[in-house]
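Notes follow once the structure below has been shown.
The values are calculated or read from the model by the stated rules, or taken from the named source; none is laboratory data. In this text, all values refer to a predicted model and were calculated from it rather than measured experimentally. Here the Cβ is made from the backbone with ideal geometry for all residues, glycine too, and neighbour counts use every protein chain on show. Surface accessibility is based on the protein's heavy atoms, side chains included, excluding ligands, DNA and RNA. Shrake-Rupley method; radii C 1.70, N 1.55, O 1.52, S 1.80 Å.
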Amino acid sequence: MTPFPHLPPYPTVRLMPKADARAIRHGFPWVFANEMVLDRRTKALAPGALAILEDAERRPMAVVTVNPGSKIAARVLDRDPEAVIDGDWIAAKLVRALRHREALFDQPFYRLVHAEADGLPGVVIDRFGDIAVLQPNAAWADTGAETIADALLAATGIRRVVLNGSGRARGLEGLGEELRMLRGEAPEGPVEVPMNGATYMADLMGGQKTGLFYDQRPNHAFTAGLSKDARVLDVFSHVGGFGLAALAQGAASALAVDGSAPALDLARKGAEASGVAERFETRQGDAFDTLAALDKEGRRFEVVVCDPPAFAPSKQALEPGLRAYERIARLAAPLVEEGGYLVLCSCSHAADLSKFRAASARGIGKAGRKGAICYTGFAGADHPVLPQLAEGGYLKALVFRL
């Protein structure tokens, strides 16, 4: 297996006396720039370099990956300071992650690696049959992408690997955008993904993120269970997430709304592959404008779903983001039939559950509606969360019965 670019002996980096070494010893996986001694020698380390983290008394704590130019100056890789980070080390992490997913799913379509919670900081890997889409969102993973690809082939049975270098997280690490095949031939077109009784079409070479959002799978399933014989409105539908699952469970109809024409085209292809095309309708347009237009048209639905992109991707964006979530709820609530369901989602880690719930409730109230929450959902079990790292629990789904 290709050796990792950095081999022992690793240089050392050190915590400042004010840093909370105990939190790191107890499982917190990050060291922020203001907690680490950033002297000339440390600043000279290349982004993604491996090092031994020492506490302020120079006692070794862990092997870390360092990025002196990032707010997260170091990420813990292994709490054994003697550990050697190489292809075999990565392969062992992948095998452990794979065992968990194989216990959850009977088909190879899932998130295989969810960053820190799977012991591979900044690494996201989604699996689509024999194809993996790798998002190296930390400098060490970007540097070691070839080694990770080799480990994937050796440990999992995957034969093709796409590198999708896009997204806000990479920018924070000082990494550029790129999309290329690391191993094998690129898929000739969208890949069919079976999920919740429906078939989705994932564009692995040109779609959003890795091509499909696996995190909503349990929330798709719960909402689909409410949707038998219902008219369903799926806003910010991407490739048909909630709508196709609802149709697979017997919904009377589904209207998918999204601003992306390519996403809606994939949604229509998914409806055809699922055998529900005659009950599936799409409308391209701005979500806010479309919600208002549907109200003017007098359209009503038994189930309305709004699953927007992250309106509050950072603390700085929190207040305007919460106002946007409130506005979505205010515009969507009038479209729900009496006794129907309004499903509101947030993938903003900066907006915690209580803030998102309050913003949603305000919007519903301002629309002159009221309702009780009958379900609170999160990302699926293939998206584990470190208890020490609240940021990992970004996804929230609230189902109100109005």
Once you have a ≥ b ≥ c as the square roots of the Cα gyration tensor eigenvalues for the range 95-191, tell me rounded if a/c is under 1.5, and otherwise prolate or oblate according to whether a/b is larger than b/c. oblate
Taking the simple approach of a point 7 Å from Cα along Cα-to-Cβ for both residue 390 and residue 366, what is their distance in nm? 2.5 nm
Kindly write out, for the range 312-317 in residue order, the coupling ³J(HN,Hα) from the Karplus curve 6.51 cos²θ - 1.76 cosθ + 1.60 (θ = phi - 60°), rounded to whole Hz, with x marking Gly and Pro. 10, x, 8, 4, 5, 8
Tally of Lys pairs whose C-alpha atoms are under 28 Å apart, taken over the range 279-402, 8 or more apart or cross-chain: 10
If you look at just the Cα atoms of the range 224-315, how large are its Rg and its Dmax in Å? 12.8, 43
About its Cα centre, what dipole magnitude does the chain give when the only charges are +1 on Lys and Arg Cβ and -1 on Asp and Glu Cβ, stated in debye to the nearest 20? 1220 debye
For the chain, what is the mean residue ellipticity at 222 nm derived from helices alone (per DSSP H run of n ≥ 4: -39500 (n - 2.57); sum divided by total residues; nearest 500 deg cm²/dmol)? -8500 deg cm²/dmol
antiparallel share of DSSP beta bridges within the chain, to nearest 5, in %, is 65 percent
Viscosity 0.890 mPa s, temperature 25 °C: give me the Stokes-Einstein translational D for the range 152-231 in µm²/s, with Rh taken as the Kirkwood radius over C-alpha pairs. 162 µm²/s
Could you tell me the calculated FRET efficiency between residue 337 and residue 284, based on Cβ-Cβ distance and R0 = 35 angstrom, to the nearest 0.05? 0.90
For the chain, with a Gaussian network of springs between Cα atoms less than 10 Å apart, report the residue from 267, 372, 324 with the top mean-square fluctuation. 372
For the range 211-343, which whole percent of the accessible surface, found with a 1.4 angstrom probe, sits on carbon and sulfur atoms? 49 percent
In debye, nearest 20: dipole of the range 218-292 around its Cα centre with unit charges on the Cβ of K, R (+) and D, E (-)? 200 debye
How would you rank 326-337, 73-84, highest first, on the average number of other Cβ atoms within 10 Å across their residues? 326-337, 73-84
In terms of Cα to Cα distance under 18 Å, which aspartates and glutamates are near enough to residue 228, apart from those fewer than 8 places away along the same chain? 278, 281, 302, 337, 338
Please compute the modelled spin-label separation between residue 185 and residue 96, points set 7 Å along Cα→Cβ, answer in nm with one decimal. 3.7 nm
Among DSSP beta bridges whose residues both lie in the range 121-273, state the antiparallel percentage, nearest 5. 65 percent
Trypsin sites (Lys or Arg not before Pro) within the range 184-274: DSSP coil, no more than 13 neighbouring Cβ in 10 Å: 228
Relative contact order for the range 245-362 using alpha-carbon pairs under 8 Å, separation at least 6, rounded to a whole percent? 24 percent
